[in-house]
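The values are calculated or read from the model by the stated rules, or taken from the named source; none is laboratory data. Please read all numbers here as calculations on a predicted model, not as lab measurements. Don't worry about glycine lacking a Cβ; one is built from the backbone with ideal geometry, like all the others, and counts go over all protein chains shown. Only protein heavy atoms, including side chains, enter the accessible area calculation; ligands, DNA and RNA are left aside. Shrake-Rupley method; radii C 1.70, N 1.55, O 1.52, S 1.80 Å.
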Amino acid sequence: MTLPSRWPAVLQAVMKGQPRALADSHYPQWHLAPVTGLMNDPNGFIFFAGRYHLFYQWNPLGCDHRYKCWGHWRSDDLVHWHHEPLALMPDEEYDRNGCYSGSAVDNRGVLTLCYTGNVKFDDGSRTAWQCLAEEQEDGSFKKCGPVLALPEGYTGHVRDPKVWQHEGMWYMVLGAQDWQQRGKVLLFRSEDLHSWQPCGEIAGQGLNGLEDAGYMWECPDLFALDGTHVLICCPQGLAREPHRYLNTYPAAWMSGAFDYERATFEHGALRELDAGFEFYAPQTALAEDGRRILIGWMGVPDGEEMLQPTRAQGWIHQMTCPRELRYRDGRLWQTPVRELQRLREAERQWQGYASDAPILDAARLEFELIAPCVTVDFAGALRLIVEKNGVRLERASLQTGETLTRYWLGDVRHLRVLCDRSSVEIFINEGEGVMSSRYFPDAPAQIRFEGASNITLRYWSLRSCMIE
């Protein structure tokens, strides 16, 4: 049974909400963000038929997580993005409570979406269907319906299919929770995307020596990279440690050897992917030239997100910039894709004592910094403190006003910082570490450098690059 269409309500929400969002002083000038309502997970990130496509979880009807559609952007260059028609709406019985996250594949020349249909029942229970939708000639997507029901032995929390092809066979990883409240990653195999065979659990709590690894693993993404295999995931329920896993839910990664024949993944320790205040649900895609590109959601569920001031202007959240991934020396490195350099305007340089450095406009800015010790103040709303043993990022809680801190530990040799009105992405040592965060200054943000150390500064203002 088809549920009533909400197209008129969505159209009205966009027409009313977009002018308010674009007029907000916190609205990004070159990052992807919703035209109205709430945006979260990146979905269906793919290079297909000469273009990049990025879908995204979107509630156009409000700044909450209740009504989940799939929005759709496309780009020729990872810099300039264009709106495409809304791809999925929760209008069938099998996805009536939300078209949840998933991926996209090229199935013999047809752009095909793989997503989770979420269904909640009146008694509080739920189920999940893994579903397909195919692109039509007019750019719309036709739903093919469910192709995988809830696997036996797991709760209704099974979702976020990441699908890829290897030697003519399709593979799918799913985030899951078993009946013992343990987070898992499940593997399936198919010849045609429609009939799926279970291959078992390849990662999660209780596997490969992982203990106390959380009650639910979301958004798995498994891929080969520079001679190893990397699994990115979002384990919910990890215990907070003094210097990591401090967000409500973290994004993490592990590397090892994935065996297609045996359907096993022998991996090392779980590591935090981004040490900032806002980073979750990342997804990767292969670029045309073979680079592995990642985009993440610059947000975290169930934290202080509903206290962000942009909700008063009818919108909330943004994406990170696209990042290239590399694996070397046992670490996963992240750097902004080189295409973003097209946004740079005239280069400026400065060297001297930190306290004498020029005040910078942080609205659209990229800067590189070499300093043994320095404090970078972002309009009094965010502080980046570089010390001998690492980096601290501080801001006030939106709920209590107390100072909250995030950490990256290690020898800091170089910083590259990307700013966009209400967001900061900090790349440490050419991508050895990353800290992504939002902040909400009362006035247009200016950056001040504090301290007696000698610093070397290189910086560019960035062009605005709005979605068309």
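Tabulated data for the structure shown
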| read-out | value |
| --- | --- |
| Failed condition for Asn389, given (1) closer than 20 Å to Thr456 by Cα; (2) open to solvent by 30 Å² or more (accessible area, probe 1.4 Å); (3) without any contact (Cβ under 8 Å) to a residue 60 or more places away in the chain; (4) under 25 Å from the mean Cα position of the chain (by Cα) | (4) |
| Glu368 farther than 23 Å from Ser25 by Cβ and surrounded by 14 or more Cβ atoms within 10 Å (Cβ to Cβ) | yes |
| Residues (touching a residue at least 40 places away in the same chain (Cβ under 8 Å), within 20 Å of Leu462 (Cβ to Cβ) and of a type in the set (Lys, Arg)) located in segment 324-372 | Arg342, Arg344, Arg348, Arg364 |
| Options Ile359, Ile295, Ile316: the member that is touching a strand residue (DSSP E or B) at 6+ places or on another chain (Cβ under 7 Å) and under 30 Å from Ile202 (Cβ atoms) | Ile295 |
| Verdict on Pro42 being closer than 28 Å to Glu366 by Cβ, open to solvent by less than 10 Å² (accessible area, probe 1.4 Å), at pLDDT 95 or above and not hydrophobic (A, V, I, L, M, F, W, C) | yes |
| Index of the failed condition, Thr36 passing every other in (1) within 18 Å of the chain's Cα centre (by Cα); (2) open to solvent by less than 20 Å² (accessible area, probe 1.4 Å) | (1) |
| Residues (open to solvent by less than 40 Å² (accessible area, probe 1.4 Å), part of a loop (DSSP other than H, G, I, E, B) and among the aliphatic types (A, V, I, L, M)) located in segment 229-256 | Leu238, Leu246, Ala251 |
| The listed residue being open to solvent by less than 10 Å² (accessible area, probe 1.4 Å) and charged (D, E, K, R), out of Arg323, Arg331, Arg348 | Arg323 |
| Single unsatisfied condition, Ala281 versus (1) open to solvent by less than 40 Å² (accessible area, probe 1.4 Å); (2) under 14 Å from the mean Cα position of the chain (by Cα); (3) at negative phi | (3) |
| Filtered residue count, segment 208-227, keeping only those that are modelled with pLDDT of 95 or more and open to solvent by 20 Å² or more (accessible area, probe 1.4 Å) | 5 |
| Index of the failed condition, Arg416 passing every other in (1) part of a strand (DSSP E or B); (2) free of Cβ contacts under 8 Å to residues at least 12 places away in the same chain | (2) |
| Looking only at segment 330-357, and only at residues there that are under 18 Å from His414 (Cβ atoms) and assigned to a helix (DSSP H, G or I), the one that is farthest from the chain's Cα centre (by Cα) | Ala354 |
| Of all residues making up segment 285-315, the number that are under 21 Å from Leu340 (Cα atoms) and more than 9 Å from the chain's Cα centre (by Cα) | 9 |
| Entirely in segment 46-134, the strands (runs of 3 or more DSSP E) that have 3 or more residues that are more than 30 Å from Glu152 (Cβ to Cβ) and open to solvent by 10 Å² or more (accessible area, probe 1.4 Å) | 51-59, 81-83 |
| Segment 412-431, residues that are more than 20 Å from Arg344 (Cα to Cα) and surrounded by fewer than 20 Cβ atoms within 10 Å (Cβ to Cβ) | Arg413, Asn429 |
| The one condition in (1) in contact (Cβ under 8 Å) with a residue 24 or more places away in the chain; (2) out of contact with any Pro (no Cβ under 6 Å at 6 or more places or on another chain); (3) outside any strand (DSSP E or B) that Cys321 fails to fulfil | (2) |
| Restricting segment 449-468 to residues that are farther than 30 Å from Ala33 by Cβ and not in a loop (DSSP other than H, G, I, E, B), the residue that is least open to solvent (accessible area, probe 1.4 Å) | Ile455 |
| Segment 139-195: number of residues that are open to solvent by less than 40 Å² (accessible area, probe 1.4 Å), in a loop (DSSP other than H, G, I, E, B) and under 30 Å from Glu211 (Cβ atoms) | 2 |
| Hey, Glu402 out of contact with any Phe, Trp or Tyr (no Cβ under 6 Å at 6 or more places or on another chain), without any contact (Cβ under 8 Å) to a residue 40 or more places away in the chain and more than 30 Å from Ser464 (Cβ to Cβ) or not | yes |
